[in-house]
Amino acid sequence: MELKHDIDVENARQRQLGYMMSAAGLLLFIVGALLLSRVSNSRAPNAALKNISPLIPFAGIVLFGQGLLVIRLKGRHLTAWFLALPTFTFILVVVIVPTLYTLGISFIQWDALVPTRPFIFLDNYVTLIEEARVRNALANTGLIAVSAVAIELVLGVGLAQLFAERFWGRSFLLSIFIIPMMMAPIVVGQTFRMLWNTRFGAINHILSLITGHPVELSWFGDKKLALIAITITDVWQWTPFIFLITLAGLLAINTELFEAAAIDGASAWQTFWRVTLPVLRPVLLVAFLFRLIEAFKIFDIIFITTNGGPGTSTENYTLYLYQQGFQFARFGFSAAGAIIFLIAIVLISTLLIRIIGET
Amino acid sequence: MSRKKEPYIPDPLREASRKYISGGMSRRDFLKFTGALGIGLSQLPGILNTVKAQEGVMSSADRAVEAAQAFAGETINMTRESGLQAQDPLFFSGPLWQELTGVSVNVIELDAGPPQYSAALQEHIAGSGAFDVIDTAPLWMPDYVRAGALEPLDDFIAEYMNPADLDDFPPVYKDMGRFEGLNFGIFDDGDTLLLYYRKDLFEEHADEFADELGYPLAPPTNWRQFDEIAKFFTERFAPDLFGSAFGRAPGAFWNVEVFLPHFKANGGIIFDPDSMDSLVNSPEGVRTVSEMAHSNQWMPPGITELTVVDLMPEWLAGNFAMMYWWPPVGRWSAGFGQQTEELAFLPESQVAGKTGYALLPGDITQMAIGFNLTVSSDSRNKELAYLFIQWLTSPEISLQRVTLPFALRDPYRISHFNSELYRGLWDDASDYLDTLLEAGEKASMDILLPGGQIYHDAIDRACTAVYAGADPQSAMDQAAAEMDALTDRLGREGQRSANASYLTLAGAYPSTNLVDAPSNLDM
């Protein structure tokens with residue numbers, strides 16, 4: 001009876017703490033919302049207040065949610081919760097708060113060239129959808145990402161097949177082949193900017209040697225060639241990633257499977273399609289998922305080689321958002337763009353993860 | 001008693017000395033005046049010192065130093081484009097200022113272009129007070145003013161600067177630091193582009209060219225002549241020598257600097273002054289961008305991916321007959337300062353003594369970017385920041401700075417162009433300075449309106465799209481639509497008012513006319 005009484009008292013205290021946290025969260029939300037509204041409509045707001053005001057309502061929401069959690073959790077769960085608190089706090093500060101902050105400013109016309117910061121709700125999102133340049137950037141993003149990753153998959157798997165066998169110099173070549181993915185993309189971009197150069201670049205020079213007549217292709221001056229050059233540069237850097245993951249997967253396959261296929265008289269091609277690929281499928285899907293997400297975010301190579309040009313022919317979504325947000329100080333607009341991008345990436349990742357799970 | 005022992009100075013000489021000390025008379029005029037009076041050079045320092053002492057006359061530089069000495073021990077944080085631009089405050093003016101005043105200068109280097117543009121806005125939004133002196137392109141200044149990031153300088157100017165210093169500018173540069181009636185910056189870099197051409201090649205092939213084309217080989221006066229000259233050289237000498245080369249790479253904001261003077265010479269108007277609709281997609285705009293794209297065929301292969309920086313070493317190596325660049329190329333072509341450590345990256349000039357200077361066809365050019373020195377409204381010591389600016393831009397200190405071989409600050413005061421010191425730096429430095437002064441009188445200005453950098457970006461992208469084969473009308477329509485969207489975002493009324501101010505500036509629409517001139521499109 002006494003123990004039950006103690007537990008009841010403890011639960012009551014806990015509920016009390018939860019109610020207090022929720023109430024404080026609610027209060028913080030209301031005060032923050034009022035402050036945000038006041039600052040947004042002020043012509044000369046205090047700089048510090050201007051920056052912190054979108055944060056306060058969201059801090060209120062978080063506190064409110066924490067309060068509800070404390071009310072619901074009991075005993076051991078609460079202890080576990082408090083043990084996880086440092087990690088949670090870190091994620092809160094580094095991931096959740098910035099994301100909520102970004103979400104918050106996506107509803108504001110926060111533009112350094114406009115003196116006020118009115119709350120415009122979804123207008124930034126509507127402008128984004130209506131913007132022809134955004135549609136072009138999305139198309140370029142999809143084109144570069146899908147074509148680059150598809151080529152990387154084919155080449156990566158092919159190379160992995162090759163390296164799955166033992167041969168002289170294999171370890172040395174393996175080390176050489178994975179160097180590109182260890183380089184900073186900005187360095188890769190600068191290097192390839194020189195390699196693709198029309199007059200002095202090694203690529204045109206090699207093509208000239210092969211064809212036997214001078215080749216002066218303007219790789220970054222032609223809209224189609226520029227997309228091809230960027231895709232090839234990305235393929236050069238990231239094929240080793242697919243190759244390495246696939247090789248690890250290949251080496252983990254039970255050799256008995258291949259022996260059984262050989263006894264059944266399967267050709268090498270049949271073994272690859274009917275045995276290797278189905279077994280590798282989960283590994284390939286994981287590699288594909290990682291690479292696709294990264295390819296959608298490609299920035300450095302385009303930034304350093306074409307800066308989106310000529311015109312907007314190689315401008316992708318991240319470059320566009322960077323220019324709008326960090327070069328032209330349209331913070332609200334680019335925040336809305338970032339949120340849409342986040343949602344799209346989460347949806348694609350979820351879909352792929354589900355497929356991987358089913359596999 | 002002691003006054004009686006000092007030499008007697010006649011009133012006209014006293015007045016001239018006072019004007020010279022206070023920046024109201026150039027060194028050349030002062031020397032002419034004293035020479036006419038039969039006064040030797042060796043006597044001048046004594047006379048000037050006497051007038052200074054007796055009249056209490058101080059130059060703007062001296063006044064700035066005297067006032068700043070009260071702030072000894074403090075530090076000024078100053079932004080500067082990274083690289084050569086930063087060498088002057090790091091190694092010349094910064095240390096000299098510290099020696100004179102006890103105030104140190106912390107130079108914050110920022111990447112050129114949009115990163116430098118946005119850094120000042122971001123620091124202002126954050127309210128960090130990280131910068132005291134902001135080195136800003138006039139193009140960016142309206143945005144900073146509208147954002148409240150800059151301090152008006154009028155009160156400081158009235159208190160500390162000799163008024164004559166404000167008149168020591170060519171017309172285009174004079175109002176670069178003003179926006180909507182107030183002074184927010186003091187102009188500090190005559191970044192006016194020149195057409196550099198090979199005098200030796202033009203002389204060598206004069207007869208052949210005249211026989212073939214029917215007119216003398218000289219700097220082109222219209223774009224058809226420009227292309228004909230370029231074609232003449234490219235067809236004969238490529239790939240060792242190309243007729244012309246302009247930076248055409250996307251994203252480097254250079255195409256717009258070529259488009260603007262060309263467009264204005266073709267009769268183009270950027271904005272309708274009443275509706276503020278962009279008119280870059282007008283027939284003049286389409287003609288301009290088409291003419292620009294047409295010229296590319298006589299330039300080196302891959303020109304549409306080369307920046308101006310890529311081209312400069314090739315010019316010095318003697319690979320082009322004509323090139324359009326900022327003023328430093330004139331100095332580097334002559335080999336001036338190439339022995340300095342800072343310029344060790346440049347190839348040795350093969351065009352020294354062979355370089356001619358001219359404006360673009362239409363007798364126009366572009367004041368491309370340039371710099372104003374401004375005071376941040378978030379600075380904790382605005383007065384000290386201003387005093388530093390006044391000292392840097394004073395006639396005597398700025399002359400020393402623009403003659404530093406490695407710094408990228410280019411002459412901008414009338415007294416710089418008339419300086420005998422500068423005119424004696426290399427054989428034809430006088431021609432260089434005379435052409436630059438002419439440019440300072442005839443140059444077109446950037447779009448000095450709020451959002452100017454973004455308007456520039458829209459035009460620049462349209463140009464590169466046309467080089468890559470896009471339909472000129474569609475590309476310019478897209479640029480105009482983007483510019484209109486920005487105008488709406490910033491508010492048409494405010495933009496109309498800013499444009500009305502812009503139209504009153506000397507370099508907004510220089511009087512030039514290529515409307516009926518032959519076009520290279522008819523070749």
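The values are calculated or read from the model by the stated rules, or taken from the named source; none is laboratory data. Keep in mind it's a predicted model, so treat the numbers as computed, not measured. Neighbour counts run over all protein chains shown; Cβ positions are idealised from the backbone, glycine included.
Please go through the stretch B:459-493 and pick out each residue that is more than 9 Å from every other protein chain (Cβ to nearest Cβ) and in contact (Cβ under 8 Å) with a residue 60 or more places away in the chain.
B:I459, B:P472, B:Q473, B:M476, B:D477, B:A479, B:A480, B:M483, B:D484, B:T487, B:R492
Within the stretch A:325-359, restricting attention to residues that are farther than 28 Å from A:P115 by Cα and not aliphatic (A, V, I, L, M), which residue is surrounded by the most Cβ atoms within 10 Å (Cβ to Cβ)?
Residue satisfying both the conditions and the ranking: A:S349.
Could you count how many residues in the stretch A:140-167 are of a type in the set (S, T, N, Q) and farther than 22 Å from A:G308 by Cα?
1
For every residue, the table says whether it meets (1) in the same structural domain as B:E151 (by TED's automatic domain parsing); (2) within 30 Å of B:D516 (Cα to Cα); (3) touching a strand residue (DSSP E or B) at 6+ places or on another chain (Cβ under 9 Å).
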site: B:H294; (1), (2), (3): no, yes, no
site: B:P313; (1), (2), (3): no, no, no
site: B:G330; (1), (2), (3): no, no, yes
site: B:D378; (1), (2), (3): yes, no, no
site: B:K382; (1), (2), (3): yes, no, yes
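Out of all the residues in the stretch B:154-171, is one or more within 30 Å of B:T288 (Cβ to Cβ) and out of contact with any Phe, Trp or Tyr (no Cβ under 7 Å at 6 or more places or on another chain)?
Checking the stretch B:154-171: at least one residue is within 30 Å of B:T288 (Cβ to Cβ) and out of contact with any Phe, Trp or Tyr (no Cβ under 7 Å at 6 or more places or on another chain).
Hey, among the residues in the stretch A:107-151 that are closer than 21 Å to A:V235 by Cβ and among the hydroxyl-bearing types (S, T, Y), which one's nearest to the other protein chains (Cβ to nearest Cβ)?
It comes out as A:T141.
Condition check: of a type outside the set (D, E, K, R) and within 26 Å of A:T314 (Cβ to Cβ). Does A:G158 satisfy that?
Judged against the criteria, A:G158 is not a match.
How do the pairs read when you match residues in the stretch B:428-442 that are in contact (Cβ under 8 Å) with a residue 60 or more places away in the chain with residues anywhere that are of a type in the set (F, W, Y), using Cβ under 7 Å and keeping only pairs 6 or more apart or on different chains?
Every condition considered, the pairs that remain are B:A429/B:Y422; B:D431/B:Y357; B:Y432/B:Y357; B:T435/B:Y357; B:L436/B:F417; B:L437/B:F417; B:G440/B:Y173.
State whether the residues of the stretch B:151-167 include one that is closer than 22 Å to A:D111 by Cα and small (G, A, S).
no
Regarding A:L247, is this residue more than 24 Å from A:L138 (Cβ to Cβ), in a helix (DSSP H, G or I) and aliphatic (A, V, I, L, M)?
Yes.
Going through the stretch B:228-252 one residue at a time, which ones are within 22 Å of the chain's Cα centre (by Cα) and either among the basic types (K, R) or surrounded by fewer than 21 Cβ atoms within 10 Å (Cβ to Cβ) (or both)?
B:R248, the sole residue that qualifies.
Could you give every pair whose Cβ atoms fall below 7 Å, whose first residue belongs to the stretch A:205-221 and is within 13 Å of chain B (Cβ to nearest Cβ), and whose second residue is among the acidic types (D, E) and part of a helix (DSSP H, G or I), counting only separations of at least 6 or pairs across chains?
A:S218/B:E305; A:F220/B:E305; A:G221/B:E305
Would you be able to tell me the number of residues in the stretch B:240-258 that are of a type outside the set (D, E, K, R), away from chain A (no Cβ under 14 Å) and part of a helix (DSSP H, G or I)?
Residues that pass the stated criteria total 1.
Exactly one condition in (1) buried (at least 21 other Cβ atoms within 10 Å of the Cβ); (2) in contact with a Phe, Trp or Tyr (Cβ under 8 Å, 6 or more places away or on another chain); (3) farther than 25 Å from B:P510 by Cα; (4) among the hydrophobic types (A, V, I, L, M, F, W, C) is false for B:L343; which is it?
B:L343 satisfies every listed condition except (1).
Looking only at the stretch B:183-220, filter to residues that are of a type in the set (S, T, Y) and surrounded by 13 or more Cβ atoms within 10 Å (Cβ to Cβ); which one of those is nearest to B:D446 (Cα to Cα)?
Selected residue: B:T192.
Would you confirm whether any residue within the stretch B:450-458 is modelled with pLDDT of 95 or more, closer than 30 Å to B:F336 by Cβ and within 26 Å of the chain's Cα centre (by Cα)?
No: zero hits.
Any chance the stretch B:325-334 includes a residue that's farther than 20 Å from B:T234 by Cβ, more than 12 Å from every other protein chain (Cβ to nearest Cβ), among the hydroxyl-bearing types (S, T, Y) and in contact with a Leu (Cβ under 9 Å, 6 or more places away or on another chain)?
Yes: one or more hits.
Out of all the residues in the stretch A:62-93, which are in contact with a Phe, Trp or Tyr (Cβ under 9 Å, 6 or more places away or on another chain) and without any contact (Cβ under 8 Å) to a residue 12 or more places away in the chain?
The answer is A:F88, and nothing else.
Select from the stretch A:229-252 the residues that are surrounded by fewer than 15 Cβ atoms within 10 Å (Cβ to Cβ) and free of Cβ contacts under 8 Å to residues at least 60 places away in the same chain and write down the one among them that is farthest from the other protein chains (Cβ to nearest Cβ).
A:A252
Does B:L387 satisfy the condition of being crowded, with 24+ Cβ neighbours inside 10 Å, modelled with pLDDT of 95 or more and more than 30 Å from B:D477 (Cβ to Cβ)?
Answer is yes for this residue.
Would you check which residues across the stretch B:341-381 are of a type in the set (D, E, K, R) and in a helix (DSSP H, G or I) and list them?
Scanning the stretch B:341-381 gives B:E341, B:E342.
Restricting to the stretch B:117-133, and then to whatever is aliphatic (A, V, I, L, M) and not in a loop (DSSP other than H, G, I, E, B), can you tell me which residue is farthest from the other protein chains (Cβ to nearest Cβ)?
Filtering the stretch B:117-133 for residues that are aliphatic (A, V, I, L, M) and not in a loop (DSSP other than H, G, I, E, B), the one farthest from the other protein chains (Cβ to nearest Cβ) comes out as B:V133.
Filter the helices (runs of 4 or more DSSP H) completely within the stretch A:155-207 down to those with at least 2 residues that are exposed (fewer than 12 other Cβ atoms within 10 Å of the Cβ).
Passing ranges, in order: A:170-177, A:179-182.
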